[in-house]
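Enquirer: Take this structure, written in structure tokens, and hold onto it; I'll ask about it next.
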Amino acid sequence: YYVFAVPLGSYAPAYYSADSSNFHWKKASRVAVNGNNISLIDIYVHPLSVSTSGYAGVKGTVRSFGTGSAAVPGAFVYASKNNQVAGYSITNASGAFTIDGLAPGSYAITVDNLGSVEPSPSAAAVSYTSAGSPVDATIDFYLNTAATSVENSQFALPDKFELHQNYPNPFNPSTTITYAIQQPGIVVLKVYNIVGQEIQTLVNNYQAAGKYQVTLNAQLLSSGVYFYRLQSNGSTLMRKMILLR
């Protein structure tokens, strides 16, 4: 697995690396999960450059290279100056991004998307008019998939929103729930009892597109029928499970 932090506030995202945290997946360190808890996975994030704050911005799209030029959602786009990140944006479902809050000047714009070849940085100049209105720059990127290798299977992203049946089912006292999201966004996974009362929140955070697993420990719950509901990007899925002691 790759471990990635998207901090709140004025900090740039970063991948975990055994050497030093960085912004690009190809320089990140992988974390092997073998069923045991893993510790000492520390990620050091850098504050956004205060000296480059302003009112202008850079906008554009990120698309896949080739026939159709499909939108690439969930890609991270960075604006840097003097080797410091001044701002960043995450592409939406249409592949569009907007990095705002930049002061006038020239910036290096880079894109990072898991499993894609990083394109060369593009230069962008933002400015103000004589009246003080911001003049944004526009840049579009086209990504190639990383070179074919045995590792590529882990980069295959799901093509639809899915919630699988928990396993085992019936279960006692724990079970695994697997789901897939095809677009990045806030993901909420909750457990309810037979009368619709919320019992537990398993997931409630931002997640990139991909496949995920979460374990429900029902040690303190009584036998019976329960429901688990997955919500993300305006879509909802629900399934039933049985706790049998």
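Enquirer: Give the residue that is surrounded by the fewest Cβ atoms within 10 Å (Cβ to Cβ), with candidates limited to residues of region 181-229 that are touching a strand residue (DSSP E or B) at 6+ places or on another chain (Cβ under 7 Å), within 24 Å of Ile90 (Cβ to Cβ) and in contact (Cβ under 8 Å) with a residue 60 or more places away in the chain.
Expert: Tyr206
Enquirer: Restricted to region 14-40, and to residues that are surrounded by 11 or more Cβ atoms within 10 Å (Cβ to Cβ) and among the β-branched types (Val, Ile, Thr), which residue is modelled with the highest pLDDT?
Expert: The selected residue is Val31.
Enquirer: Here is a check on your reading of the model: is Ala125 at pLDDT 80 or above, part of a strand (DSSP E or B) and in contact with a Ser or Thr (Cβ under 6 Å, 6 or more places away or on another chain)?
Expert: So Ala125 fits the description; yes.
Enquirer: Can you confirm whether Gly185 is touching a Ser or Thr at 6+ places or on another chain (Cβ under 8 Å) and at positive phi?
Expert: It is true that Gly185 is touching a Ser or Thr at 6+ places or on another chain (Cβ under 8 Å) and at positive phi.
Enquirer: Restricting the search to region 109-121, which residues are surrounded by fewer than 17 Cβ atoms within 10 Å (Cβ to Cβ) and assigned to a strand (DSSP E or B)?
Expert: Val117
Enquirer: Consider Asp140 carefully, then state whether it is part of a strand (DSSP E or B), acidic (Asp, Glu) and surrounded by 15 or more Cβ atoms within 10 Å (Cβ to Cβ).
Expert: no
The values are calculated or read from the model by the stated rules, or taken from the named source; none is laboratory data. Here the structure is a predicted model, which is why all the values come from computation and not from measurement. No Cβ is skipped: glycine too gets one built from the backbone with ideal geometry, and neighbour counts run over all protein chains shown.
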